[in-house]
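Novice: My questions all concern the structure below.
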Amino acid sequence: MKSEVISVRTGSRPTVRDVTGEATAFLAEAAAGGDGLLHVFVPHATAGVAIIETGAGSDEDLVTALDAVLPADDRWRHRHGSPGHGRDHVVPAFVAPYATLPVLRGRLALGTWQSICLVDPNGDNAVRQIRFSFLAG
């Protein structure tokens, strides 16, 4: 298995960040044109990985939906960081911190409009890590 950790700047507000390009760059060397599985994992208690369309509003819609389902207010028992931060610790139960994708002939087998995205509702941490792991088939 080949594995690599990258750092991604997410900023100071909730965001959905497309990391498909970074995954593709990792696979160029790790997969070497072969078949297998790409596992994407974020080692954070307040972030997740989603496979969604980006650029047409779905990324902003996801942030809006998370805000509607999990409001950033004072209802949360987990209290540290910015107000409402407790909800950020619940997000990974809704948006898993990992995804596994097929790789065929060294390329991600994503649908036409699908992208790999880091979902980060936590504005307290401006930089996140993502682990890409390739398991040859």
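Novice: For segment 112-128, what does the Karplus curve 6.51 cos²θ - 1.76 cosθ + 1.60, with θ = phi - 60°, yield as ³J(HN,Hα) per residue in whole Hz, taken in order and with x for Gly and Pro?
Specialist: 3, 9, 8, 9, 8, 10, 7, 9, 10, x, 8, x, 6, 10, 7, 10, 10
Novice: Once R0 is set to 30 Å, what does the formula 1/(1 + (r/R0)^6) return for the Cβ-Cβ distance between A45 and Q114, expressed as a FRET efficiency to the nearest 0.05? It would help to have the intermediate numbers written out before the result.
Specialist: Details: r = 26 Å, r/R0 = 0.86.
After rounding to 0.05, the efficiency reads 0.70.
Novice: Right, another one. Could you work out the relative contact order of segment 2-136, using alpha carbon pairs under 8 angstrom and six or more residues apart, expressed as a whole percent? Before the final figure, lay out the partial values.
Specialist: Values: 284 pairs, mean separation 70.2, N = 135.
After rounding, I find 52 percent.
Novice: Along the Cα→Cβ direction, 7 angstrom out, place labels at E29 and N125. What is the inter-label distance in nm?
Specialist: 2.5 nm
Novice: Separate question: Per DSSP H run of at least 4 residues, take -39500 (n - 2.57); add these up for the chain, divide by its residues and hand me the 222 nm value, nearest 500 deg cm²/dmol.
Specialist: Details: 3 runs with 27 residues, N = 137.
Calculated at 222 nm, the ellipticity per residue is -5500 deg cm²/dmol.
Novice: Apply the Karplus parameterisation 6.51 cos²θ - 1.76 cosθ + 1.60, with θ equal to phi minus 60°, to every residue of segment 64-71 and state each ³J(HN,Hα) to the nearest whole Hz, in sequence, with x for glycine and proline.
Specialist: So the Karplus estimates, Gly and Pro as x, are 5, 5, 4, 5, 6, 7, 10, x Hz.
Novice: Turning to a different aspect of this structure: Based on alpha-carbon atoms only, what is the radius of gyration of the chain relative to the globular estimate 2.2 N^0.38 Å? If you can, show how the numbers build up before the last one.
Specialist: Working: Rg = 15.5 Å, N = 137, 2.2 N^0.38 = 14.3 Å.
Scaled against compact globular proteins, the figure is 1.09.
Novice: Also, quick follow-up: Can you list residues from other chains, or at least 5 along the same chain, whose modelled amide H is less than 5 Å from the amide H of L110?
Specialist: none
Novice: Another question, then. Ratio of segment 68-137's C-alpha Rg to 2.2 N^0.38 Å, to two decimals?
Specialist: On the way: Rg = 16.1 Å, N = 70, 2.2 N^0.38 = 11.1 Å.
Ratio of Rg to 2.2 N^0.38 Å for segment 68-137: 1.46.
Novice: List, in order, the whole-Hz ³J(HN,Hα) value for each residue of segment 2-14 obtained from phi through the Karplus relation with A = 6.51, B = -1.76, C = 1.60 and θ = phi - 60°; use x for Gly and Pro.
Specialist: Result, rounded to whole Hz: 10, 9, 8, 10, 10, 9, 10, 7, 10, x, 10, 9, x.
Novice: Taking amide H atoms as placed 1.01 Å from N in the peptide plane, list the residues 5 or more away in sequence, or in a different chain, whose amide H sits under 5 Å from that of D35.
Specialist: Answer set, sorted by chain and number: R105, G106, G137.
Each value in this text was obtained by applying a stated rule to the coordinates, not by laboratory testing. Note that this is a predicted model, so its numbers are computed, not measured. For neighbour counting, all protein chains shown are included, and Cβ atoms are generated from backbone atoms with ideal geometry for every residue, glycine included.
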